[in-house]
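The values are calculated or read from the model by the stated rules, or taken from the named source; none is laboratory data. Please read these numbers as outputs of a predicted model, since none were measured by experiment. Glycine also receives a Cβ, built like all others from the backbone with ideal geometry; neighbour counts cover every protein chain displayed.
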Amino acid sequence: MSATKEQRGECAWCGGDAIIGTTCPRSIECPQCGAFCGHPCKRPSGHRAPQLHMSRITEAERMDREHAPHGNLLDGWRAAR
């Protein structure tokens, strides 16, 4: 199911297109690389990763499910492979 135009807005953390009321993965610390809130994920070399780590996205989605236990979640976030 896709979010309607009314359900979308600009994310305060990353400036991207977001579903209103969901957790932005950038708003939490990355469990994989330790990137701080608001910062991009890092590669093992310390350079900026091109996308967020899947573990960071999964944690944000877990937090959303915790707040919406009846499964009213819409589109997920794109992840680094």
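Which condition does residue 18 not pass, out of (1) in a helix (DSSP H, G or I); (2) in contact with a Gly (Cβ under 7 Å, 6 or more places away or on another chain); (3) buried (at least 18 other Cβ atoms within 10 Å of the Cβ), if it passes all the others? Only one criterion in (1) in a helix (DSSP H, G or I); (2) in contact with a Gly (Cβ under 7 Å, 6 or more places away or on another chain); (3) buried (at least 18 other Cβ atoms within 10 Å of the Cβ) is unmet by residue 18, namely (1).
For segment 17-55: of the residues being of a type in the set (Gly, Ala, Ser) and in contact with a helix residue (DSSP H, G or I) (Cβ under 9 Å, 6 or more places away or on another chain), which is nearest to residue 65 (Cα to Cα)?
Per the criteria, the residue is 21.
Note on segment 21-53: residues that are surrounded by fewer than 11 Cβ atoms within 10 Å (Cβ to Cβ) and modelled with pLDDT under 85 total 0.
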